[in-house]
Amino acid sequence: MKKILLYLLVFPLLLFAQQQTATYSINPTPTFEGTDALTVTINGSSINESTWGVTNNQLYAWVWALNSANANISYSGNGAWENSDASKLMIYNSVNDTYSFTYNPNVFGFFGTTEVAKVGLLIKAKNGTGDKKSQDIVLNVGSFQVTLLNSIVAGGTQLFATNYSIAARHNGSASNYVLKRNGVTINTQNNLAASSGPPSYTFTDTATENINNYTLEVTQNGVTKTFNFSALKTLTPVSEALPSGMVDGVNYHSGDATKATLVLNAPLKDFVYVAGSFNNWQPTVSHVMKKDPTTGKFWLEVTGLTPGNYETFQYWVCDNTSVPTNSPKIVKTADPFSTLVLSPFDDPEIISLGVFPGLPAYPAGQEREVSVIQTGPNAYYNYNWSTATTNFVKPNIKDLVIYEVLVRDFDANRTYQNLIDRIDYFKNLKINAIQLMPVMEFEGNESWGYNTSFHLALDKRYGPPVKLKEFIDLCHQNGIAVILDLALNHVFGRSPLVRMWMQDANGDGWGDAISTTNENPYINQLARHSYSVGSDLNHFFEPNTQNTSGVTNTWGSNLANTYSIRTIQHWINEYKIDGYRWDLTKGFTNSCTSGDEACTNDYKVDRVAKLKWYADKQWEADNTSYCIFEHLGNGGSYNEEVEWANYRIAEGKGIMQWRKMTDPYADLLKGNATNLSGVAESTNRFIGYAESHDEERVIYKALNEAGQTQGNLAKVLQRLPAMGSVLFLVPGPKMIWHFSELGWDKSLWTCNNGNVSYSNPDCKLDTKPQPQWVENWVGNTARANVYNQWAKQIELRINENVFENGQHAWNFSQTGRPRLDVWTSSTPQSNLSYVFVLTNFSDATYNASGGFPYTGNWVNLMDNSVVNVTSTTQNVSIEPGGYRIFGNQPATLSNPENQITSVKLYPNPANNYFVIEGEISKAEIYSVTGQLVKSFYGVNTTDYQFDINDLTKGVYLVKAFDAQNRTKTMKLIKQ
């Protein structure tokens with residue numbers, strides 16, 4: 001399970017014990033206008049900073065604004081509740097012991113609207129988790145107040161049938177009213193009396209258009225307040241068949257880059273306007289979507305587009321009949337199938353950081369996310385893939401060594417370019433797969449990514465699509481597969497799947513605690529499992545059945561299934577990714593309730609069948625795609641894992657499962673009793689790991705829990721290579737969480753201030769520092785030794801057949817000294833067929849009985865030294881924290897001595913043949929997973945053409961031998 005990082009958009013409403021009442025003053029006083037630069041000054045003696053853990057007077061303002069209807073006005077500048085934006089640091093005056101904050105250049109300018117009727121402010125620690133904040137301060141703007149009536153909301157939009165009635169009242173003295181429609185004055189009323197009840201002003205507009213943008217100006221004693229709102233006419237959409245071949249979302253036309261067809265599936269909605277840059281955000285009847293009479297889908301062909309130009313748009317989804325309680329009649333939302341969205345909340349920081357060059361500006365005057373259209377050959381999503389990607393052959397499942405990466409915390413700029421720049425770091429570690437934590441559009445810019453809002457859109461914080469594609473392409477050029485973490489259990493509140501059917505009782509434009517109405521065809525109102533995260537996708541709402549609220553599916557398909565399949569297809573087809581790690585698969589059931597842990601962890605028939613079906617759909621998109629479930633089963637749910645692992649395994653498939661082994665490997669490092677056998681399973685489809693993004697670092701545990709290594713980092717680093725030997729060499733796929741290989745010793749729960757906290761606040765999701773680069777860990781002898789030793793072990797494991805097809809056995813009879821044996825044969829062979837590992841996780845030298853399977857020459861596979869074994873019980877001396885890996889033969893592809901330096905392979909890529917320039921006697925071709933696929937002997941000419949017509953497209957390793965049996969291994973791409 002994940003604790004999701006939410007980007008807090010509304011101010012806290014509840015008061016808790018740690019809240020403090022701040023005394024304050026304002027300037028100007030006693031009243032101020034929206035055109036004033038308001039300064040709020042807090043008396044420092046009324047705030048006890050130490051109770052919040054605040055040092056150096058680092059207090060922050062958290063601000064908001066309300067319109068005349070007390071509805072929240074969108075504002076994105078606060079940062080995250082866990083990490084306030086630097087612009088909100090309050091100015092401390094040590095002489096007067098005061099904190100101050102100013103709304104510059106004025107209140108209206110600060111919030112970007114003249115709709116402001118009230119401003120709110122509270123004082124908080126930079127990380128406000130744990131309720132480290134003051135009570136709210138709310139101030140009225142202006143010398144008089146105006147209240148809009150008839151359910152009109154400043155900045156909002158209403159529906160009307162024929163005539164539109166407008167009403168308002170004010171306090172204070174007599175006022176003058178001016179009403180404008182679409183910029184033209186249509187009514188003026190002067191000297192209207194103030195009122196505390198009935199309207200001061202009323203007017204009915206009988207000459208309305210399809211969309212009407214109103215401005216109401218109210219003037220009292222020379223002060224004018226301005227309110228903007230809109231009204232849409234209710235319409236019946238034109239019934240017309242959807243053109244063939246169109247799918248939900250934006251459809252581009254390969255033969256005509258001047259148009260795009262938009263398709264929206266919004267059951268139970270009445271009509272939809274499309275507003276965008278192509279109609280100046282003023283949709284007319286020509287931009288009302290048509291409705292397909294068979295499927296009920298809304299669609300519209302947008303024409304007149306200029307190839308290469310960015311266009312932005314939103315759906316204004318309208319519901320005028322049988323509207324559920326608390327459901328807005330109009331919702332403005334981006335397309336749920338968007339591949340690029342712009343956000344008024346996140347984009348200002350994206351632009352300031354410069355991480356997405358050429359990002360279009362968010363359209364002025366709009367609200368919420370908008371979708372992007374760009375046609376033509378130079379569109380943002382286009383990329384010219386190399387043949388390394390188009391011909392990429394994925395590593396064998398059993399050979400996988402996966403490196404899990406959170407882009408945000410990998411390097412200083414937190415971008416895909418950082419990953420590109422570090423490709424040698426990955427390559428030299430010898431891993432053959434990289435798994436990225438979620439990169440789909442998530443809420444905010446500081447997140448692990450599991451709070452996904454648009455599953456087909458790339459989040460912009462890490463860089464543009466071309467950069468992720470470049471990274472994937474570069475990985476493929478180096479024999480590394482790329483796997484994406486995919487959170488399709490749920491969506492979050494900015495998602496159109498929530499917004500189109502949201503409940504919004506307070507009218508602030510965001511969903512309530514139960515975020516959706518009972519009509520939602522995508523989402524359960526309440527999670528149907530015990531790990532509720534975000535809004536629970538309903539993967540089981542089949543045609544002609546009812547959801548849990550009694551609404552019947554009459555639209556003919558399960559829309560969550562459609563959305564999920566499109567997501568699966570998109571990243572495989574568009575980004576050429578090699579597989580998915582499915583997050584929180586226990587949530588893919590509709591059989592339980594939100595609080596029923598026993599039910600959720602039992603065997604669920606619906607879950608087993610649905611996830612097999614999704615795996616089939618993934619393999620339809622890519623027959624060799626990796627399918628990985630984060631299930632972490634126990635009891636009945638473990639039986640599900642075994643069933644999935646064996647699913648279609650005869651075809652070389654089988655669904656992989658995460659296998660958490662954090663505590664056993666931490667105990668191993670500490671020298672305590674442990675059992676590591678759970679790191680592998682007979683199907684070879686369980687991905688064993690000591691660390692993941694969800695588990696505490698084993699080094700931190702070894703340093704801070706009882707055992708021989710407590711408080712001794714040098715000893716832990718000394719033992720880490722030995723830990724790798726009994727992790728990576730166990731048959732079956734394995735995983736590393738980034739920087740384990742450099743001995744990352746800080747807690748996963750390290751807070752931004754350097755403290756460690758597991759609760760109140762829970763700092764697991766805090767952005768982590770970059771000591772591995774800043775302090776040059778790769779240049780640190782002890783840390784680099786871990787990296788280099790693990791790299792050798794990983795290379796050995798990936799390249800040697802014995803680890804792919806061998807049996808294995810454990811011996812844990814001596815505490816702190818586990819033994820691992822891996823073999824394909826227990827009798828002498830000419831190839832590497834028997835490997836065993838001896839370890840010593842103790843503080844004393846270990847004279848181990850070697851337990852050699854047979855006598856003769858054995859090879860220490862870490863340094864290629866030969867040991868003459870005259871007795872199977874011959875002792876092996878192992879230093880404290882050390883290990884030995886013995887094999888009956890040298891490693892096949894790893895022979896650092898006697899390298900040929902004067903040969904070259906060309907052409908590369910090659911179609912039918914290749915030539916090796918230089919004198920050689922033979923050549924062997926291996927798959928990237930280390931399997932010998934072709935041999936050439938008796939080569940006696942320097943221009944010999946090596947025939948590869950019979951090889952399938954992909955990446956291979958060519959090993960050339962000369963007459964002195966020296967070798968050189970070169971990469972070959974077969975086209």
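For the stretch 722-782, the relative contact order comes to 23 percent (Cα pairs under 8 Å, sequence separation of at least 6).
If R0 is 41 Å, what FRET efficiency do you get for A782 and S682 from their C-beta distance, rounded to 0.05? It comes out at approximately 0.65.
What is the gain in length, in nm to one decimal, between Y603 and D762 on full extension, counting 0.36 nm per residue of separation less the C-alpha to C-alpha distance?
Working: separation 159, 0.36 × 159 = 57.24 nm, distance 3.14 nm.
Result: 54.1 nm gained on full extension.
Loop sites here are chymotrypsin sites (Phe, Trp or Tyr not before Pro) outside DSSP states H, G, I, E and B with no more than 12 other Cβ atoms within 10 Å. The longest part of the chain free of them is 17-853. Averaging Cα coordinates gives a centre for the stretch 170-236 and one for the stretch 647-685; these two points are 69 Å apart.
Electrostatic bookkeeping for K460 treats Lys and Arg as +1 and Asp and Glu as -1; over the other residues with beta carbon under 11 Å from its beta carbon, the sum is -3. Here the simple spin-label model places points 7 Å from the Cα toward Cβ, and for N70 and S173 these points are separated by 2.9 nm. Entry note, the chain: relative contact order of 7 percent, from Cα contacts under 8 Å with a spacing of 6+ residues. Listed values [x] 0.96; [y] 1.22; [z] 1.07 include one computed from this model; for Cα Rg over 2.2 N^0.38 Å that value carries the label [z]. In the chain, helical runs assigned H by DSSP with n ≥ 4 each contribute -39500 (n - 2.57); averaged across all residues and rounded to the nearest 500, the mean residue ellipticity at 222 nm is -4500 deg cm²/dmol.
Treat the count of other C-beta atoms within 10 Å as a stand-in for reagent exposure and order L932, L676, L232, L632 from fewest to most.
Ascending number of Cβ neighbours within 10 Å: L932, L632, L676, L232.
Name the residue farthest towards the positive end of the dipole of the chain from the options G249, G120, P521, assuming +1 on Cβ of Lys and Arg, -1 on Cβ of Asp and Glu, about the Cα centre. Toward the positive end, the furthest listed residue is G249.
When both the stretch 566-619 and the stretch 452-505 are represented by their alpha-carbon centers, they are found 17 Å apart.
From a point 7 Å beyond the Cα of T872 in the direction of its Cβ, which residues of the stretch 843-862 have a backbone N at a distance under 17 Å? The answer is 849-858. If you take the beta carbon distance between N309 and T593 as r and set R0 to 45 Å, what does 1/(1 + (r/R0)^6) give as a FRET efficiency, to the nearest 0.05? According to the calculation, E is roughly 0.35. Under 21 Å of direct C-alpha separation, and excluding same-chain neighbours fewer than eight residues apart, K764 reaches these lysines: K2, K3, K124, K126, K132, K133, K660, K701, K746. Between A505 and A621, the simple spin-label model (points 7 angstrom out along Cα→Cβ) gives 3.8 nm.
Using C-alpha pairs below 8 Å separated by at least 6 residues, the relative contact order for the stretch 85-177 is 18 percent. Within the chain, the cysteines lacking any other cysteine Cβ closer than 4.7 Å to their own Cβ are C318, C475, C627. Spin-label model, E775/A194: points 7 Å from Cα along the beta carbon direction are separated by 6.5 nm. The long axis of helix 713-725 is offset from the longest Cα principal axis of the chain by roughly 70 degrees.
A short reminder: the numbers here are calculations on the coordinates, not readings from a lab. Everything numeric here is computed off the predicted structure, so don't read it as measured data. Neighbour counts run over all protein chains shown; Cβ positions are idealised from the backbone, glycine included.
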